[in-house]
1. About its Cα centre, what dipole magnitude does the chain give when the only charges are +1 on Lys and Arg Cβ and -1 on Asp and Glu Cβ, stated in debye to the nearest 20?
2. Compute the FRET efficiency between A161 and L135 as 1/(1 + (r/R0)^6), taking r as their Cβ-Cβ distance and R0 = 30 Å, and round to the nearest 0.05.
3. Projected onto the charge dipole of the chain (+1 at Lys/Arg Cβ, -1 at Asp/Glu Cβ, origin at the Cα centre), which of L165, P2, G43 gives the Cα projection farthest towards the positive end?
4. Report the paramagnetic label zone for T61: residues of the range 81-102 whose backbone N is under 14 Å from a point 7 Å from Cα along the Cα-to-Cβ axis.
5. Under a point spin-label approximation (7 Å from Cα along Cα-to-Cβ), what is the Q125-E41 distance to one decimal in nm?
6. What translational diffusion coefficient, in µm²/s and rounded to a whole number, does the Stokes-Einstein relation yield for the chain at 37 °C and a viscosity of 0.692 mPa s, taking the hydrodynamic radius as the Kirkwood radius over Cα pairs?
7. Between V119, Q88, V108, whose Cα lies farthest towards the positive end of the dipole of the range 85-128 when Lys and Arg beta carbons carry +1 and Asp and Glu beta carbons carry -1, centred on the Cα centre?
8. Against the longest alpha carbon principal axis of the chain, how many degrees, from 0 to 90 and to the nearest 10, is the axis of helix 111-121 turned?
Amino acid sequence: MPTPWFVPAHDILRRPGEAKDFGVTVTVPEAFGNAVIGVPEGGELRIDGRLESLHDGILVTAEIAGMVEGECVRCLVAVAEPIEVDFQELFGYPGTSDFDYEVQGDGVDLEQVVRDTVVPALPFQPVCQEDCPGLCPVCGVRLLDYPGHEHEPQADPRWAALGGLAPRTDDELPE
């Protein structure tokens, strides 16, 4: 049974020079991405492209568009942003040669190539806005919500043992 990622190509299989355009919208059955951002389960990806029959297989050229969700690496609020990436990949006919992807039955299954294209294109460190100041290192409050947020200067705990020593006055200094 074909997956939602399957694009039929029966009308151009083993007919070099033939081509056809396609467009599919896939509801992602399982989330994928990196630790901080990715395509959520149930999210939609639109894949528009062209299938071209070659002697070795089917050349797929496509554009992927959708929304990715995650969290800002500075202040941890939810982030959602659009993603658009292109790919071109050859799906070889089974048993002809060593290809990363193969034609399956009478079409191509785009799931793995879409994952292999989208994941490296995700932002490495997504932020809610370019100048996000992050969280207060002392209390953890989000600094965008409290722009004038400050704390009293803290003494370095490594110097706490010296805090009990009384400072000398000029009269007490040796001559």
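1. Values: 10 positive and 33 negative charges, 81 e Å.
Once rounded to the nearest 20, the dipole reads 380 debye.
2. Details: r = 31 Å, r/R0 = 1.02.
The value I calculate is 0.45.
3. The residue sitting most towards the positive pole is P2.
4. What the label zone holds, given the 14 Å backbone N cut-off, is 86-90.
5. 3.1 nm
6. Working: Rh = 20.6 Å.
Rounded, D is 160 µm²/s.
7. Checking the options against the dipole of the range 85-128, the answer is V119.
8. The angle comes out at about 30 degrees.
Only the coordinates and a few stated rules stand behind these numbers; no lab work does. Please read all numbers here as calculations on a predicted model, not as lab measurements. Cβ: placed from backbone, ideal geometry, glycine included. Neighbour counts: every protein chain shown.
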